[in-house]
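Student: First, the structure itself, so that you have it in front of you.
The values are calculated or read from the model by the stated rules, or taken from the named source; none is laboratory data. Just so you know, these numbers come straight off a predicted model, no measurement behind them. When we count neighbours, we look across all protein chains shown, and the Cβ atoms used for this are built from the backbone with ideal geometry, even at glycine.
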Amino acid sequence: MQKMSPSFVASALAISLALAFPAHAQQGKTAPVVQEAPLRAHLAFLSNDVLEGRGTGQRGGDLTVAYLESQAAALGLKPANGASFRQSVKIAGIKSTPAESTLHIEVGGQTLPLSFGQDWVWAPGDAKPVHSFDNGLVFVGYGISAPEVDWDDFKGVDVTGKVVVMMVNDPQPTAEQPNRFNGKGLTYYGRWTYKFEEAKRRGAAGVLLIHTDATASYGWSVVQNSWAGPERFQLAEGALGSGLHGWMTDATARSLFKAAGQDLDALRAGAERKDFKPVVLAAKVSGEMKAAVRLLEQFNVAGIVPGTDPKLKDEVVIYSAHWDHLGKQGTGADTIFNGAVDNASGTAALLAMAKEAVHSPARRSQMFLWVAAEEQGLLGSAAYATAPLWPLAKTAANLNLDSLNFVGLTRDIGTQGSERTELGKMAEATAKQMGMRISAAEPDLAGGYFRSDHFNFAKGGVPAFSIEAGHDYVKNPAAAKKAVDAYAVRYHQVSDEYDAGWDLSGMTQQAQFTLNLGRRVADAPAMPAWKAGDAFGKVRAAK
């Protein structure tokens, strides 16, 4: 746990403000250079105990927003929301209350003996505290409707008012079709978030997902901790979900299907084929589901560097990073999840980048956007994409930073997802100019492209990806790898704390690459386009 005296806090704030106003003006500078000193100062402060882990709905989160807002003004950024740097994000905090609920699954008049947390978990998807159910179950395979690849798991079957049971992930590649649904890589159709969205579009009363370690890419304990443990958050406005969102273990699904007279393995095999049709189960979800629901307001923070070109300044490049982490939790000796790497690093990098960008504007405008509640399901970026401060049709790109390199300089840089658009070639050119190369692409087995804030921009048709740390370390590769592996143990733990001994040259390098790429986009004659046939490119084409 890191401690700061009040006088030290005041000194840190004074230093950071001084960094915002350099002694020598940089007007006319054509190649803004990100400085390590301000990045380190912001990183140390943002990850300190004084901000209490920057938790959603917590005091530390409010302090973080105030800090970012004041820094944006001090740096000379223009408010992105009229006269304000803030954008409101309305959020519902939800905690299921199984002890007060009677929700159960019924087969042939008999109740399956299910324990909340151990066998299944559930919560409202629409932020309402009470729901009553007496709704039949329908197995819909993967629950995918993808007309561009001639795949429809619903086959015209009306599931309005039903609780649909789905598998996570997407249809697996075959010898005849090794690249269907991106082969070994996960598509968005495989993400559980898509499953909930599609069920809502179909008018379903609820969704129950079948968990396996292989298809989810994580164990049941991850689901259990997220759904049966602390308060969960979702947007309280806009496109809300169905009344029931839930998961069940593989063992629970097998018991349910067997009791309903079905062979789960046979149905799973059938769901791998294009001719699969939904199967009505002789079972239903019944009873009352209750949850404690509170409404709160969080904020995205956004500032603008106006463009210089009379026409192109109406278009924007957005740099983003999420400011939140897990806040204060538990009752141990250390209850603060500082989130130094995740994501005080990206938050600080944007401040250091903005400090330089304001002195050397590009042809297009540039926005520095710090989004809320990423750890709760990309909520801040989803709220922005729903009500953008700059039209998405005039947003040239979104470059996102999350969990930056704290180890040292690298010869490569990660740009997974950039290959979907012309940003890929621009990233290659930028890396080459900096004496670097793009990291070798790997199959996106866990769907990483769909799990960072850039994805909400991509869904809106904006070319977007997250810039990731490289792995080819310049100095002492063995020690560097050891440090990276050690962080895997600290991820989402109270031990993700700032270390004054960190070599931040790699973090500064990552921030510089992002700013260089953003400026390349901002100065280009035309906005980058999606590759032909990409589903998200069709969204932009329709705008």
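Student: Any residue that is within 25 Å of the chain's Cα centre (by Cα), farther than 30 Å from E100 by Cβ and of a type in the set (A, V, I, L, M) - is there at least one of those in segment 131-148?
Tutor: Among the residues of segment 131-148, at least one is within 25 Å of the chain's Cα centre (by Cα), farther than 30 Å from E100 by Cβ and of a type in the set (A, V, I, L, M), which makes the answer yes.
Student: Filtering segment 432-469 down to residues that are of a type in the set (S, T, Y) and under 20 Å from the mean Cα position of the chain (by Cα), which residue is nearest to T514 (Cα to Cα)? First the steps, then the outcome.
Tutor: Of segment 432-469, the ones of a type in the set (S, T, Y) are 439, 449, 452, 466.
When the remaining residues are screened for being under 20 Å from the mean Cα position of the chain (by Cα), the result is 449, 452, 466.
On the way: Y449: 17, S452: 16, S466: 9 Å.
In this case the residue turns out to be S466.
Student: Within the group R268, R232, R273, which residue is among the charged types (D, E, K, R) and in contact with a strand residue (DSSP E or B) (Cβ under 6 Å, 6 or more places away or on another chain)?
Tutor: Within the list R268, R232, R273, the selection yields R232.
Student: Taking the condition of being under 26 Å from R191 (Cα atoms), touching a helix residue (DSSP H, G or I) at 6+ places or on another chain (Cβ under 6 Å) and in a strand (DSSP E or B), how many residues in segment 106-122 meet it?
Tutor: 3
Student: Can you find, within segment 487-508, the residue that is farthest from L51 (Cα to Cα) among those that are of a type in the set (A, V, I, L, M) and in a loop (DSSP other than H, G, I, E, B)?
Tutor: Our first condition is that a residue be of a type in the set (A, V, I, L, M); within segment 487-508, this holds for 488-489, 494, 500, 504, 507.
Still in the list and also in a loop (DSSP other than H, G, I, E, B): 494, 500, 504.
Numbers: V494: 13, A500: 17, L504: 21 Å.
So, considering only residues that are of a type in the set (A, V, I, L, M) and in a loop (DSSP other than H, G, I, E, B), the one farthest from L51 (Cα to Cα) is L504.
Student: In segment 47-79, how many are small (G, A, S) and over 21 Å from H359 (Cβ atoms)?
Tutor: Of segment 47-79, the ones small (G, A, S) are 47, 53, 55, 57, 60-61, 66, 70, 72-74, 76.
Remaining after also requiring over 21 Å from H359 (Cβ atoms): 47, 53, 55, 57, 60-61, 66.
Number of matching residues: 7.
Student: Considering segment 175-201 alone, what residues qualify as being touching an Asp or Glu at 6+ places or on another chain (Cβ under 8 Å) and either outside any helix (DSSP H, G or I) or closer than 21 Å to V280 by Cα (or both)? Spell out how you get there, then give the answer.
Tutor: From segment 175-201, those touching an Asp or Glu at 6+ places or on another chain (Cβ under 8 Å) are 181-182, 185-187, 189-190; that's our starting set.
Answer for segment 175-201, where residues must be touching an Asp or Glu at 6+ places or on another chain (Cβ under 8 Å) and either outside any helix (DSSP H, G or I) or closer than 21 Å to V280 by Cα (or both): G185, L186, T187.
Student: Condition first: within 17 Å of S345 (Cβ to Cβ) and either among the basic types (K, R) or modelled with pLDDT under 95 (or both). Now tell me which residues in segment 33-64 satisfy that.
Tutor: R40, R54
Student: Restricting segment 242-272 to residues that are touching a Pro at 6+ places or on another chain (Cβ under 8 Å) and in a loop (DSSP other than H, G, I, E, B), which is farthest from D153 (Cα to Cα)? Before you say what the answer is, go through the steps one by one.
Tutor: The initial filter retains those residues of segment 242-272 that are touching a Pro at 6+ places or on another chain (Cβ under 8 Å), namely 243-245, 271-272.
Those still in the list that are in a loop (DSSP other than H, G, I, E, B) too: 243, 272.
Numbers: G243: 22, E272: 10 Å.
The selected residue is G243.
Student: Can you tell me which residue in segment 274-318 is nearest to G206 (Cα to Cα), limited to those that are of a type in the set (D, E) and part of a strand (DSSP E or B)?
Tutor: Within segment 274-318, the first condition is being of a type in the set (D, E), and the residues that meet it are 275, 288, 297, 309, 314-315.
Add one more test, that the residue is part of a strand (DSSP E or B), and what stays is 288, 297.
Values: E288: 13, E297: 27 Å.
The qualifying residue nearest to G206 (Cα to Cα) is E288.
Student: Quick one: in segment 509-543, which of the residues that are in a helix (DSSP H, G or I), modelled with pLDDT under 95 and in contact with a Ser or Thr (Cβ under 9 Å, 6 or more places away or on another chain) is surrounded by the fewest Cβ atoms within 10 Å (Cβ to Cβ)? Explain how you work it out, then say what you get.
Tutor: Taking segment 509-543 first, the residues in a helix (DSSP H, G or I) are 509-523, 535-541.
Narrowing further to those that are modelled with pLDDT under 95: 535-541.
Subset that is in contact with a Ser or Thr (Cβ under 9 Å, 6 or more places away or on another chain): 535-537.
Details: A535: 16, F536: 21, G537: 18.
Looking at residues that are in a helix (DSSP H, G or I), modelled with pLDDT under 95 and in contact with a Ser or Thr (Cβ under 9 Å, 6 or more places away or on another chain), I get A535.
Student: Same structure, new question: If G424 satisfies all but one of (1) in contact (Cβ under 8 Å) with a residue 60 or more places away in the chain; (2) closer than 16 Å to M527 by Cβ, what's the number of the condition it fails?
Tutor: (1)
Student: For the subset of segment 198-214 comprising residues that are surrounded by fewer than 19 Cβ atoms within 10 Å (Cβ to Cβ) and not basic (K, R), which member is farthest from P171 (Cα to Cα)?
Tutor: Top of the filtered list is G203.
Student: Can I ask one more? Are there any helices (runs of 4 or more DSSP H) wholly within segment 338-454 with 1 or more residues that are more than 27 Å from Y473 (Cα to Cα), and if so which? Show your work before the answer.
Tutor: Details: elements: 345-357, 379-386, 423-433.
Counting at least 1 such residues, we get 345-357, 379-386.
Student: Could you tell me which of the residues A429, A387, A393 is of a type in the set (A, V, I, L, M), over 22 Å from R191 (Cα atoms), over 22 Å from the mean Cα position of the chain (by Cα) and surrounded by fewer than 24 Cβ atoms within 10 Å (Cβ to Cβ)?
Tutor: Details: A387 fails: over 22 Å from the mean Cα position of the chain (by Cα); A393 fails: over 22 Å from the mean Cα position of the chain (by Cα).
Unique residue meeting the criteria: A429.
Student: Can you spot a residue in segment 113-134 that is within 25 Å of D534 (Cα to Cα) and either touching a residue at least 24 places away in the same chain (Cβ under 8 Å) or not assigned by TED's automatic domain parsing to the domain that holds E374 (or both)? Spell out how you get there, then give the answer.
Tutor: Initially, segment 113-134 is screened for residues within 25 Å of D534 (Cα to Cα), giving none.
No: zero hits.
Student: As an exercise: evaluate A372 against (1) outside the structural domain of A524 (by TED's automatic domain parsing); (2) buried (at least 24 other Cβ atoms within 10 Å of the Cβ) and give the number of the one condition it does not meet.
Tutor: The number of the failed condition is (1).
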